[in-house]
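Q: First the structure, which I've put down as structure tokens, then a few questions once you've had a look.
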Amino acid sequence: MSEFIYLASQSPRRRQLLEQLGVKHELLLPDAHEDTESLEEPLRNEAPAAYVKRVTGLKLDAALERLQRRGLPPAPVLCSDTTVARGRKIYGKPADEKDAARMLRELSGATHRVLTAVAVQGGRKRLEALSDSRVTFAPMTPAQIRAYVTTGEPMGKAGAYAVQGRAAAFISHISGSYSGIMGLPMHETAQLLRAFGF
Ligand SMILES: Cc1cn([C@H]2C[C@H](O)[C@@H](COP(=O)(O)OP(=O)(O)OP(=O)(O)O)O2)c(=O)[nH]c1=O
């Protein structure tokens with residue numbers, strides 16, 4: 001039985017949340033030449049839940065390949081992906097500030113879903129979980145959206161906001177998993193890791 005897991009994620013939120021669970025982990029980050037962006041391209045008409053699960057699987061495949069290539073000691077590998085969705089529309093990480101403002105305009109005054117898939121593989125065993133939450137944004141004025149985008153917080157975040165940051169001021173209601181919205185659902189992750197003996 002392994003003493004630690006590999007966290008294959010560049011997200012500081014995921015690292016922080018895994019630390020909160022008290023699980024010993026090492027980062028398994030991509031090489032400079034690895035193309036991680038293209039893994040996150042949605043297929044045409046792909047439903048959000050199918051999308052987030054598929055991307056998580058691709059991240060995990062890439063991470064396992066990396067582990068082999070580097071000849072690192074074996075241990076379970078954990079990957080995750082978060083996406084925001086309204087109906088079938090998928091909101092990933094904004095390309096730039098303009099894109100962030102567009103997303104926030106569309107999310108303002110409405111309820112959307114935040115889906116986070118987690119997958120762990122150890123040996124040949126692969127287990128997956130999906131966290132599905134709902135977040136309601138109060139109406140935001142154009143000036144509020146501009147000011148929020150200027151903080152830089154939306155960049156690198158699905159749906160162009162951070163529940164754990166200043167966007168909290170605009171969130172009137174949440175149902176589901178706060179940690180899942182932030183990027184790693186603690187309950188589901190703990191359950192998966194328990195199945196690997198943690
Ligand atoms: C909705 C929301 C997302 N996010 C973040 C979590 C994820 O880091 C990011 C979604 O992008 P992801 O593609 O899920 O993850 P990532 O590219 O940051 O990291 P990696 O693929 O290496 O694991 O959005 C928040 O921090 N707060 C929020 O409220």
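Q: When residues of the range 63-106 are filtered for being under 26 Å from Leu192 (Cβ atoms), within 16 Å of the chain's Cα centre (by Cα) and not β-branched (Val, Ile, Thr), how many remain? Don't jump to the end; show me each part of the working.
A: Applying the first criterion (under 26 Å from Leu192 (Cβ atoms)) to the range 63-106 yields 63-85, 90-93.
So of that shortlist, the ones also within 16 Å of the chain's Cα centre (by Cα) come out as 63, 77-85, 90-93.
Subsequent filtering for residues that are not β-branched (Val, Ile, Thr) retains 63, 78-81, 85, 91-93.
Looking only at that region, the number is 9.
Q: What is the one condition in (1) more than 13 Å from the ligand (Cβ to nearest atom); (2) modelled with pLDDT of 95 or more; (3) touching a strand residue (DSSP E or B) at 6+ places or on another chain (Cβ under 8 Å) that Thr82 does not satisfy?
A: (1)
Q: Right, something else. Select, from Ala75, Ala85, Ala129, the only residue that is closer than 18 Å to Met182 by Cα and either out of contact with any Gly (no Cβ under 9 Å at 6 or more places or on another chain) or in a loop (DSSP other than H, G, I, E, B) (or both). Spell out how you get there, then give the answer.
A: Working: Ala75 fails: closer than 18 Å to Met182 by Cα; Ala85 fails: either out of contact with any Gly (no Cβ under 9 Å at 6 or more places or on another chain) or in a loop (DSSP other than H, G, I, E, B) (or both).
Going through Ala75, Ala85, Ala129 in turn, just one is closer than 18 Å to Met182 by Cα and either out of contact with any Gly (no Cβ under 9 Å at 6 or more places or on another chain) or in a loop (DSSP other than H, G, I, E, B) (or both): Ala129.
Q: From the set of residues in the range 9-48 that are outside any loop (DSSP other than H, G, I, E, B) and among the acidic types (Asp, Glu), which is nearest to Leu67 (Cα to Cα)? It would help to see each step written out before you state the result.
A: Step one: list which residues in the range 9-48 are outside any loop (DSSP other than H, G, I, E, B), which gives 12-21, 25-27, 37-40, 48.
Restricting the remaining residues to those that are among the acidic types (Asp, Glu) gives 19, 26, 37, 40.
Details: Glu19: 21, Glu26: 12, Glu37: 19, Glu40: 21 Å.
Among those that are outside any loop (DSSP other than H, G, I, E, B) and among the acidic types (Asp, Glu), it is Glu26.
Q: Here is a follow-up. For the range 132-147, what are the residues that are open to solvent by less than 70 Å² (accessible area, probe 1.4 Å) and either in a loop (DSSP other than H, G, I, E, B) or under 23 Å from Ser175 (Cβ atoms) (or both)?
A: Once the filter is applied, which keeps residues that are open to solvent by less than 70 Å² (accessible area, probe 1.4 Å) and either in a loop (DSSP other than H, G, I, E, B) or under 23 Å from Ser175 (Cβ atoms) (or both), the range 132-147 yields Asp132, Ser133, Val135, Thr136, Phe137, Ala138, Met140, Thr141.
Q: Same structure again: Do any residues in the range 58-74 that are without any contact (Cβ under 8 Å) to a residue 60 or more places away in the chain and closer than 19 Å to Met1 by Cα have Cβ atoms under 7 Å from those of residues that are assigned to a helix (DSSP H, G or I) and open to solvent by 70 Å² or more (accessible area, probe 1.4 Å), where the two are at least six apart or on different chains, and which pairs are they?
A: Here the result reads none, with nothing in the range 58-74 linked to a residue that is assigned to a helix (DSSP H, G or I) and open to solvent by 70 Å² or more (accessible area, probe 1.4 Å).
The values are calculated or read from the model by the stated rules, or taken from the named source; none is laboratory data. Here the structure is a predicted model, which means the values were calculated and not measured. No Cβ is skipped: glycine too gets one built from the backbone with ideal geometry, and neighbour counts run over all protein chains shown. SASA here: full protein model, heavy atoms, side chains in, ligands and nucleic acids out. Shrake-Rupley method; radii C 1.70, N 1.55, O 1.52, S 1.80 Å.
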